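Engineer: Pasting a structure here, questions to come.
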Amino acid sequence: MTRLKLSHGEAASGRNVMELLGGVGTRDIVLRMLRNLKAIHLQARDWDHALTVADWLVHTDPAAAPERRDRGLVYQELECARAALADYEAYLGQAADAEDVDDIRARTVELRKAVARLN
C-alpha cells in the first residue's frame, strides 16, 4: 500500500487519505480547484482568464459573497464599470458585515461616477 507523509510527519496510507476526503463532495472539490485557478490568474494579473474562472465560481456558488466581490474586482481591472458595480452592489447586499465593506463602498462611489460619465 502507498504511504503518504502528512504535514505533521505522520505516515498515512492511501486508505486513511480517502477517509479524510470521504466527507468532501465533488462540488467542494471543484470549487477548491476553481479558487486555486482564480488565485493563479489573479497573481499573474491575467484578467481575462481570472474573469472566466470568477464567473464559473459565481455561477457554481452564488451564495458565496466573496466570489461576487472578486469578480467585481476583475471587472474593475478590465474597466467594465457597470459589471463591476453590479457585482459590488450584490456583494454589499450579501456581506454587509464584511471587513472590506468600506473599501467596496468607496469603489461603488467611484464606479457610479464612471458609469454616469458613460451615459
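Engineer: For a quick protection proxy, order the peptides 98-105, 73-80 by their average other-Cβ count within 10 Å, most packed first.
Structural biologist: The packing order, highest mean first, is 73-80, 98-105.
Engineer: Still on this structure: What distance in nm separates the simple spin-label points at Val101 and Ala64, each placed 7 Å from Cα in the Cβ direction?
Structural biologist: Here the answer is 2.3 nm between the modelled labels.
Engineer: Test of understanding: what is the full-extension gain from Thr52 to Val115, defined as 0.36 nm times their sequence separation minus their Cα-Cα distance?
Structural biologist: 20.4 nm
Engineer: Mind ordering 44-52, 84-92, 25-33 by average Cβ neighbours within 10 Å, highest first?
Structural biologist: Going by the mean number of other Cβ atoms within 10 Å, highest first, we get 84-92, 44-52, 25-33.
Every read-out reported here was derived from the displayed coordinates using simple, explicitly stated rules and does not represent laboratory data. Keep in mind it's a predicted model, so treat the numbers as computed, not measured. Reconstructed Cβ throughout: ideal geometry from the backbone, glycine too, with neighbour counts over all protein chains shown.
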